[in-house]
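In what follows, a structure is listed as structure tokens, so that the remarks can point back to it.
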Amino acid sequence: MDALKGELEATYEEIVDVLSRRLESVWDILKDVQKESISMQEKVEAVRAAVGDLRQAIVLSSLDDGERARFEAHLKKVEDLLA
């Protein structure tokens, strides 16, 4: 009976150890994903700001109507991708 109890305890400890290591791995992955997500959000905001700056530049530029329309269409595509 003591031998079985010892085996059961050893098996339990192994399972807990494996689960603990896997939990640590998952936690590390989640922290990395969170960092990447924050970085991507910052980059998206920077691109949105740049699109706003380009829109203002279009208003002040001397583009003809066709060029202005093409430029606006490209900016619209970028904005749609960011949405």
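The values are calculated or read from the model by the stated rules, or taken from the named source; none is laboratory data. As the structure is a computational prediction, the values presented were derived from the model and not from experiment. When we count neighbours, we look across all protein chains shown, and the Cβ atoms used for this are built from the backbone with ideal geometry, even at glycine.
Here are a few things to note about the model shown:
- Looking only at segment 58-70, and only at residues there that are of a type outside the set (D, E, K, R) and modelled with pLDDT under 90, the one that is nearest to Q41 (Cα to Cα): I58
- Among the residues listed as V26, V18, V47, the single one being touching a residue at least 12 places away in the same chain (Cβ under 8 Å) and either part of a helix (DSSP H, G or I) or touching a Ser or Thr at 6+ places or on another chain (Cβ under 9 Å) (or both): V47
- Filter result (surrounded by 12 or more Cβ atoms within 10 Å (Cβ to Cβ) and either assigned to a helix (DSSP H, G or I) or touching a Cys at 6+ places or on another chain (Cβ under 9 Å) (or both)) within segment 53-69: L54, R55, I58, E67, R68
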